[in-house]
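Reading through the structure tokens given below for one structure.
A short reminder: the numbers here are calculations on the coordinates, not readings from a lab. None of these values were measured; they are calculated from a predicted model. Glycine gets a Cβ as well: all are built from the backbone with ideal geometry, and neighbour counts include every protein chain shown.
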Amino acid sequence: MAFVPSNLPEQRVYQDHVFPLTLTWTQSESENVCPMDWLQINASNVDSLLRKHRAILFRCSNLVRTHEEFDKIIEALNYNCMDYVGGAAVRTQLTSRVFTANESPSSENIPFHHEMAQTPDPPTHLFFFCEVPPTQGGATPILISSEVCERMQKLHPVFMDELDKCGVRYVRVMSEYDDPTSAIGRGWRSTFQCTDRDGAECALKALGSSWEWLPDGSLKTVTSTVPALRVDDQPATAERSGQKTFFNSLVAAHTGWNDSRNVGERAVVLGEGIGGESSGATTNTISSSSSSSRRRRRRCGFWTQTQLPVQW
């Protein structure tokens, strides 16, 4: 029994490698190996495939049905677990590693983004699992970030140089408690896993962010300057592509961070004190360009309980 390569209608080839790579579980009656055991034995090989193909879709033939079983899959691959501190989405924590997807209404816009790119140390790997299949839809679109970077460099070389040099800062106003009507509605108590203002301020200091308490109990935060473009060169002990990636939430923040407290057009500015109107005008340009690129390059799979997309 093993995961073996198979084809996905929506897959494409980028730099001689299939994106995403699809691995389907095969088994025979004479063998007694479960997906978790196989992944634990082959964890280093899976990581190598992930670096090469950038995303893997696992199809598991109804062997992984619950978030508890999904948690065991992640544990088998031996990636470090991280706390969900600084994220904007309202989620429910199910295990130490597994959270629900964004719990905002389906009417809310969630543009393409790198998960928690507004934090100094975003996650290195993302896992997706469908425990309850949707009655309709269910697509999970993904992009190749290094390709986005190449396209943006050709379309907007001056601004891309600015992004590379200055980085970006993200501005967000959080209510005290979670607002499930908003795609960025995580309250400051949940965001910083604290019970009072002192705890929030302690977490903000650790993140290098500045803040302001508002009269209604909300909290306005401005992150430290974080990279908008990152080079794929870590960890140095592994074989990396060395490519520059469009690693940010610029488009998501500018076009999607809108609710009763926030205006997306003011949610992201260039770092090193550069922002204001010129920054907003430039993010408008990039947002429009990225949206057109998204329409041309959208690739997604309709996946069910038996499929586990993993993105690196």
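You can think of it this way: the chain between ARG65 and GLN234 has 57.5 nm of extra reach, that is 0.36 nm per residue less the Cα-Cα gap. Label points 7 Å out from Cα along the Cβ direction at ALA43 and SER6: separation in nm? Modelled inter-label distance: 2.6 nm.
Taking a straight line from the alpha carbon of LYS205, these aspartates and glutamates sit under 19 Å away, with near neighbours fewer than eight places off in the same chain left out: ASP83, ASP121, GLU176, ASP196, GLU272.
A full extension of the chain between VAL132 and ALA101 corresponds to an added length of 10.0 nm, given 0.36 nm per residue minus the alpha carbon distance.
Under the classification rounded if a/c is under 1.5, otherwise prolate if a/b is larger than b/c and oblate if not, where does region 61-112 fall, given a ≥ b ≥ c as square roots of the Cα gyration tensor eigenvalues? Spell out each step's value before the answer.
Working: a/c = 2.37, a/b = 1.49, b/c = 1.59.
The shape class here is oblate.
In this calculation the C-beta distance from VAL263 to VAL33 is compared with R0 = 51 Å, giving a FRET efficiency of 0.45.
Here the translational diffusion coefficient of region 1-51 follows from Stokes-Einstein with Rh set to the Kirkwood radius across Cα pairs; for 25 °C and 0.890 mPa s it amounts to 200 µm²/s. Between rounded, prolate and oblate, where does region 77-180 land on the alpha carbon gyration tensor, with a ≥ b ≥ c its root eigenvalues, rounded for a/c under 1.5, else prolate if a/b exceeds b/c? In terms of gyration-tensor shape, prolate. Taking only the Cα atoms of region 146-267, the ratio Rg/Rh comes out at 1.04, with Rh defined as the Kirkwood radius. Using a ≥ b ≥ c from the Cα gyration tensor of region 163-207 (square roots of the eigenvalues), is it rounded, prolate or oblate, where a/c under 1.5 gives rounded and otherwise the larger of a/b and b/c decides, a/b for prolate? Because a/c hits 1.5 or more and a/b fails to exceed b/c, region 163-207 counts as oblate.
Relative contact order of region 83-135, taken over Cα pairs closer than 8 Å and 6 or more residues apart, is 25 percent. For region 1-152, the relative contact order is 18 percent, taking Cα pairs closer than 8 Å that sit 6 or more residues apart in sequence and dividing their mean separation by the residue count.
The share of C-alpha pairs in region 28-131 whose separation exceeds 24 Å stands at 32 percent. Highest-first packing order for the peptide set 129-140, 98-109, 261-272, 43-54 is 261-272, 43-54, 98-109, 129-140, based on the mean count of other beta carbon atoms within 10 Å.
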